[in-house]
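Have a look at the structure below, then the notes.
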Amino acid sequence: MAFKEVVVKGRHFANRYKTTKWTICPCPMQAGNVECSYYVMRFMYDIISSKTNKNSITKMFSRDDKYTQADLDFVKGMWCKALLRYTSSVLK
């Protein structure tokens, strides 16, 4: 049952839903169909390794060039190393 009105600390809030404003951020886009997960992982890596500086994140969200094959291979290598570490620790 949806409430039509909510009272919080004496204030009335009645169905004041605002529409969500979506902002389209440019980001590197893959050329093919199979690179999507590598692009997401690389983009996450770039954000985390930028030391969360506001200017660097703003700069990252304004780029729309493609990643190079070396960029994607770097992420693949990191993923393989993590997977090997995990499987070797589980199999012990």
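With Cα atoms as the point set, the stretch 25-90 shows a radius of gyration and Dmax of 13.6, 41 Å. Sorting 71-83, 38-50 by average packing, meaning the other beta carbons within 10 Å per residue, from highest down gives 38-50, 71-83. When you restrict to C-alpha pairs under 8 Å that are six or more residues apart and normalise by the size of the stretch 25-90, the relative contact order lands at 45 percent.
Taking 0.36 nm per intervening residue step and subtracting the Cα-Cα distance, what contour gain separates C36 from A70 on full extension? The partial results should precede the final answer.
On the way: separation 34, 0.36 × 34 = 12.24 nm, distance 1.54 nm.
Using 0.36 nm per residue and subtracting the Cα-Cα distance, I get 10.7 nm.
Laboratory data are not the source of any read-out in this text; all were calculated from the coordinates shown. What you see is a predicted model; the values in this text were computed from it and never measured. Note: ideal-geometry Cβ built from the backbone for every residue, glycine included; neighbour counts use all protein chains shown.
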